[in-house]
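First the structure, in the form of structure tokens, and then the observations on it.
The values are calculated or read from the model by the stated rules, or taken from the named source; none is laboratory data. What you see is a predicted model, and the numbers here were worked out from it, not measured in a lab. Neighbour counts are summed over all protein chains in view; Cβ atoms, including those assigned to glycine, are modelled from backbone coordinates with ideal geometry.
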Amino acid sequence: MLQIYCGNGKGKTTASVGSAVRAAGAGLKTAFIQFLKDGTSSEIAMLKKLPGMIVLYTTACDKFTFLMNDEEKEEVRRRHDQLLSQAESLLSEGLDVLILDEFNAAYKLGLMNKETALQLILSNKNRAEIIITGREPAPEFTEAADYISEISAVKHPYEHGISARKGIEY
């Protein structure tokens, strides 16, 4: 099945981490793959400790995309395509749960091969649980989804100039 956690509120990654922990607790082989993040978010250290959990990301995403030049974006695109390839290999080896964190933004920004990404998800959603997160999922994914949970921001400290805090927002 395909699950989507989307919206402009805090908690999309947190929800997917909870799903990863639940799957690992049930003995399911799970992969947590982050796009547009460099592996320094606090949840990564704990996920790596879970039995049966595979955690992948790219260190090429060490700044926001609007601060990247074209060469840096191309490197991120190349690395994201490698993550998609690794996801396909894991699925072919019998992965039970695939979580693609910040997938929607990377897809929307064209920071991956869209055809490969679409094929990966649509051809595997009936043999593994696939969870994608991020704002504004593409219509091709919302149409194919079995679950969509939209998380909306009612109030956020950023509105008052408070930056993201380690262990809380990242």
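Quick notes
- Residue in segment 142-159 that is under 15 Å from GLN34 (Cβ atoms) and touching a Leu at 6+ places or on another chain (Cβ under 8 Å) present: no
- Counting only residues that are farther than 21 Å from MET112 by Cα, part of a loop (DSSP other than H, G, I, E, B) and of a type outside the set (A, V, I, L, M), segment 26-39 holds 2 of them.
- Check on GLN119, under 26 Å from SER42 (Cβ atoms), surrounded by fewer than 17 Cβ atoms within 10 Å (Cβ to Cβ) and of a type in the set (S, T, N, Q): no
Condition check ((1) surrounded by 17 or more Cβ atoms within 10 Å (Cβ to Cβ); (2) under 29 Å from GLY25 (Cβ atoms); (3) out of contact with any His (no Cβ under 6 Å at 6 or more places or on another chain)) across all residues:
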| site | (1), (2), (3) |
| --- | --- |
| VAL55 | yes, yes, yes |
| ASN69 | no, no, yes |
| GLY94 | no, yes, yes |
| ASN104 | yes, yes, yes |
| ALA128 | yes, yes, yes |
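- Pairs meeting the criteria (first residue in segment 51-76 and of a type in the set (S, T, N, Q), second residue surrounded by 15 or more Cβ atoms within 10 Å (Cβ to Cβ) and not in a loop (DSSP other than H, G, I, E, B), beta carbons under 6 Å, at least 6 apart or on different chains) are THR58/ARG79.
- Subset of segment 88-97 [touching a residue at least 40 places away in the same chain (Cβ under 8 Å) and in contact with a helix residue (DSSP H, G or I) (Cβ under 6 Å, 6 or more places away or on another chain)]: VAL97
- On the stretch given as segment 133-170, residues that are among the hydroxyl-bearing types (Ser, Thr, Tyr) and more than 19 Å from the chain's Cα centre (by Cα) total 2.
- Every residue from segment 110-149 that is touching a residue at least 60 places away in the same chain (Cβ under 8 Å) and of a type in the set (A, V, I, L, M, F, W, C): LEU111, MET112, ILE121, ILE130, ILE131, ILE132, PHE141, ALA144, ALA145, ILE148
- Pairs, first outside any helix (DSSP H, G or I) in segment 1-25, second basic (Lys, Arg), C-beta under 8 Å, six or more apart: MET1/LYS125; LEU2/LYS125; TYR5/LYS12; CYS6/LYS12; CYS6/ARG135; GLY7/ARG135; ASN8/ARG135
- Residue within segment 16-34 that is touching a Phe, Trp or Tyr at 6+ places or on another chain (Cβ under 7 Å), surrounded by fewer than 16 Cβ atoms within 10 Å (Cβ to Cβ) and not basic (Lys, Arg) present: no
- Residue match in segment 47-67 (condition: of a type in the set (Gly, Ala, Ser), modelled with pLDDT of 95 or more and not in a helix (DSSP H, G or I)): no
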